[in-house]
Amino acid sequence: MTNKASNVKVSLEQILASREQRANRQQAWLFQSEQTVVSVTLVWPGERKDTELARQVMAVANETLGALFRAHHWTVSRHQALQPVTGPEALWSVAAPAWMIKHVTAHLEDTHALGRLWDIDVLCPKAGLVKRDAIQQPMRRCFICDEPAHACSRARRHSPAELARVIEEMTSDYFACQAV
């Protein structure tokens with residue numbers, strides 16, 4: 001990552017446009033390779049999505065996923081990391097069954113120290129998005145109160161300041177331990 005984070009405020013329109021572009025990229029990758037596509041974004045509340053900290057968290061996600069795929073002897077035919085103003089993203093094309101990848105990535109989201117900040121989507125070339133319930137995995141939990149994450153998000157149960165504080169604690173603890 002040679003360029004610096006933009007650290008600019010982004011609008012809802014930019015976020016929605018970025019989601020559409022990501023969905024188009026995912027579909028193109030599925031069509032081109034006919035392999036499972038893993039799409040990674042961050043759970044990153046607030047108006048500034050492309051920050052140095054967000055990029056550090058995504059770098060750990062990429063390192064961790066790369067190691068996970070190697071440990072399972074799954075061939076990665078393509079990997080791309082992007083740094084749009086709407087926050088870092090990554091795409092992987094992996095030669096392994098989508099349901100199997102979803103199992104290990106859901107576990108990673110639930111157990112890695114930064115995993116709750118990662119949104120790892122797994123797309124099957126034939127069936128599309130593989131959801132947690134399709135592999136009998138529980139819904140993601142809120143990283144503040146442990147209630148279902150989608151319910152907290154929809155109800156805006158936690159203030160942006162509270163979310164930022166918890167993310168700061170989570171990341172500073174993680175990176176402090178890595179420096180030792």
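Taken together, the values in this text are just the output of simple stated rules run on the coordinates, not laboratory data. The structure displayed is predicted, hence computed values, not measured ones. Here Cβ is always computed from backbone atoms with ideal geometry, including for glycine, and neighbour counts include all displayed protein chains.
Most exposed first by the Cβ proxy, i.e. fewest other Cβ within 10 Å, how do 110, 133 rank?
Fewest-to-most Cβ neighbours within 10 Å comes out as 133, 110.
Using the count of nearby Cβ atoms within 10 Å as a rough guide to exposure, how do 86, 171 rank from fewest to most?
Numbers: 86 23, 171 18.
Lowest count first: 171, 86.
May I ask you to list the aspartates and glutamates whose Cα is less than 20 Å away from that of residue 102, ignoring any residue fewer than eight positions away on the same chain?
Counting by Cα, and skipping residues close in sequence, residue 102 has these aspartates and glutamates nearby: 34, 63, 89, 110, 119, 121, 133.
Over all directions, the average projected area of the alpha-carbon convex hull for the stretch 1-145 comes to how many nm²?
For the Cα atoms of the stretch 1-145, the hull's average projected area reads 8.7 nm².
Might you list the cysteines of the chain that have no disulfide-compatible partner by the rule of another cysteine's Cβ under 4.7 Å?
Cys with no partner Cβ under 4.7 Å: 124, 145, 177.
Taking R0 as 35 Å, what's the FRET efficiency between residue 8 and residue 178 from their Cβ-Cβ distance, rounded to 0.05?
Efficiency, rounded to the nearest 0.05: 0.80.
Round to the nearest 10 and give me the degree value, 0 to 90, for the angle of helix 160-179's Cα axis relative to the longest principal axis of the chain.
The answer is roughly 70 degrees.
Within 10 Å of each residue's Cβ, count the other Cβ atoms and sort 120, 15, 167, 101 from fewest upward. Provide the component values of the computation, followed by the final result.
Working: 120 20, 15 16, 167 23, 101 26.
Fewest-to-most ranking of 120, 15, 167, 101: 15, 120, 167, 101.
Quick check: net charge around residue 39, other residues with Cβ under 14 Å of its Cβ, Lys/Arg +1 and Asp/Glu -1?
Every neighbour counted, the sum reads +1.
With r defined as the distance between the Cβ atoms of residue 77 and residue 113 and R0 fixed at 22 Å, what FRET efficiency is calculated, to the nearest 0.05?
The formula returns an efficiency of 0.15 here.
Just to be sure I understand the model, the point goes 7 Å from the Cα along the line to the Cβ. What's the resulting residue 131 to residue 24 distance in nm?
It works out to 2.6 nm between the two label points.
Once you wrap a convex hull around the alpha carbon atoms of the stretch 130-180, what is its projected area averaged over all directions, in nm²?
4.9
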